1. Which length gain, in nm to one decimal place, applies between Glu100 and Arg19 when the Cα-Cα distance is subtracted from 0.36 nm times their residue separation?
2. Taking 30 Å as R0, compute the FRET efficiency from the Cβ-Cβ separation of Glu50 and Lys7 and round it to 0.05.
3. What Rg and what Dmax come out for the chain when only alpha-carbon atoms are used, in angstroms?
4. Rounded to the nearest 5, what is the percent of antiparallel bridges among the DSSP beta bridges in the chain?
Amino acid sequence: MKLKTLKKDDVVIFEITGRLNAVNVHLLKKKFQKYCPEETHFVFDLKELEYLDSTGLGGVVSCLKAAANNNGDVKIACLQNKTKMVFEITRAYKIFDIFEDVNSAIAAFK
């Protein structure tokens, strides 16, 4: 997994590339903790995420919980077919706001 962060309009964007799974989910959580609690608005850009297992999804949910505990939120952008299926099967789509693109996710914070 590659993880790149950038900031746009007071929103921290996590670009997650490759595979998010039990092997590397701790890297996502550690990086997220660096931004929380100073930042409250996050977008996870998943357009380059090739694989997501249940532990990886658990890590994403953990980030949402940490943000919510600080009156923040995590929005999901650019779900691809394989990762979208994981969100549908687990019904994770019910707890996340999911957007077609990053700009729409950012705009939702305004």
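1. 27.1 nm
2. 0.75
3. In Å, with Rg to one decimal and Dmax whole: 12.4, 35.
4. 30
Since every read-out is calculated from the coordinates, none of them should be taken as a lab result. Bear in mind that the values here come from a model prediction, so they are computed numbers and not experimental data. Note: ideal-geometry Cβ built from the backbone for every residue, glycine included; neighbour counts use all protein chains shown.
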